[in-house]
Amino acid sequence: MLGVIRRRVVSGASSASILGQSLHSIRPIASSEILLQPRGGLGRVRNLSHLIFAGSSPCIKKTRNVGVVIQQKPIRQMWIRPFSSETGDFIDAVVPQMGESITDGTLAKFLKNPGDRVEVDEPIAQIETDKVTIDVASPQSGVIQKFVANEGDTVEPGTKIAVISKSVDGVDHVGPSEKTSDRAAAQSSPPVENIDKKKEPKVETTPVTEKPKPHSPPPSKPSAREPQLSPKERERRIPMTRLRKRVATRLKDSQNTFAMLTTFNEVDMTNLMKLRSDYKDAFVEKHGVKLGLMSGFIKAAVSGLQNQPIINAVIDGDDIIYRDYIDISIAVGTPKGLVVPVIRNADKMNFAEIEKEMNTLAKKANNGSISIDEMAGGSFTISNGGVYGSLISTPIINPPQSAILGMHSIVTRPMVVGGDIVPRPMMYIALTYDHRLIDGREAVFFLRRIKDVVEDPRRLLLDI
């Protein structure tokens, strides 16, 4: 306000009229002082007329008290403008929330470069977490002015990684690496004060006898659990992704926690494959999705879990938690690692609903758009190593579950049927379970139920 009044005085306007207009909205209080706070500082002015109109006669009566309570709205509007940009042209792109159980992530890569044009909600960077890869979207249409973080940095929700300019003018094409080099160059040049200190004459002092240092023990050799591999030719060393480290930690924790035991059986796939072959065209025509073998195994697993509820339970301290719902986790291998999306309430879904949900989750898992909520929970896991050609395996339990079913490749083998040797499409199935909770009897009964339902799907209709 003072600057406005000064400019009008210089231009020849009447001091009284200016002051009258400027102080028209001033509310009188008991004090005769005015406190102004330009840019955060507090200044006390005892004679407002003398301060503004130096050299001129005062034109305000002394009896009119002037106080601090100037209408705050117009002044506050001037002061709340961001000091980083007087025109409000720059907007920060920050890391979004990544889920309740995720506190930080790694800035995997930038999808854009400084100077590139971006639209609203267009991804500009990817954050890799323990579970999923999250995109950082542009909050505003504009041009990327600069990046303020580097690839490989550990970032938290709310961390600023880029500055977006609404206009094309003033775009800074300097990336983080160039900033780093400039900073290093600045650090390499010694300050002037240090140079002056070096030129000062040294004062002679009495030499101090240093105490002999105790011999430090020799460095300990690396333990056998952490071998230090010497670099060799034709080898590359790259850091593990957060997803791979998370998978490794969880699998090792599972191995250290559970008393894992695996039981096997084999399934004749003839009837299930014939069912799919007979109705695949009608199924696609009505439901718009292909009928696969996986939905048949999920329905069989649901039936087995209903018959053996202990397979669906879990140990929690000194208690056993029985789950009255069935959420089936499906292990999906992606280029970035293993993810396990969950089919919720599989016991209430039919074949078509299961196939549609699996296709949706598989697409999201492969393109990296799957969310954390879609992978959280799950009471039982199915892993199909047969799609990669696995003949037999012992899957590892996915904590905090208590069992996992392993499917494998279908191989035509000679089987004895009705006293005759005939070729049959056979599959080995494996159930790994926590022997602390599940006895062998329940595990075998569960796997036997899977075998019975897959070999004769009519049991699902008759509930036998």
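The values are calculated or read from the model by the stated rules, or taken from the named source; none is laboratory data. Just so you know, these numbers come straight off a predicted model, no measurement behind them. Heads up, the Cβs are rebuilt from the backbone with ideal geometry, glycines too, and the neighbour counts pull from every protein chain shown. Heavy atoms of the whole protein, side chains included, go into the accessibility calculation; ligands, DNA and RNA do not. Shrake-Rupley method; radii C 1.70, N 1.55, O 1.52, S 1.80 Å.
Quick one: order LYS112, LYS280 from most to least accessible surface, probe 1.4 Å.
So the residues, ranked largest to smallest area, are LYS280, LYS112.
Need one number: nm distance between label points at ILE392 and ARG459, each 7 Å from Cα along Cα→Cβ, rounded to one decimal.
2.2 nm
For the range 239-323, what % of the accessible area comes from carbon and sulfur atoms, probe 1.4 Å?
50 percent
On a 18 Å Cα-Cα criterion, which of the cross-link pairs LYS299/LYS363; LYS286/LYS356; LYS112/LYS364; LYS348/LYS451 come out too long?
LYS299/LYS363; LYS112/LYS364; LYS348/LYS451
Would you mind getting the accessible area per residue of the range 331-376, heavy atoms of the protein chains only, 1.4 Å probe, in Å²?
About 50 Å² of surface per residue is accessible.
Ignoring ligands, DNA and RNA, what percent of the accessible area of the range 346-414 is carbon or sulfur (1.4 Å)?
That fraction is 56 percent.
In a shell of Cβ-Cβ distance under 9 Å around ILE124, excluding ILE124 itself, what net charge do Lys and Arg (+1) and Asp and Glu (-1) give?
Summing Lys/Arg as +1 and Asp/Glu as -1 gives -2.
For the range 232-297, what is the accessible area per residue in Å² when the probe is 1.4 Å?
Per residue, the range 232-297 has an accessible area of 74 Å².
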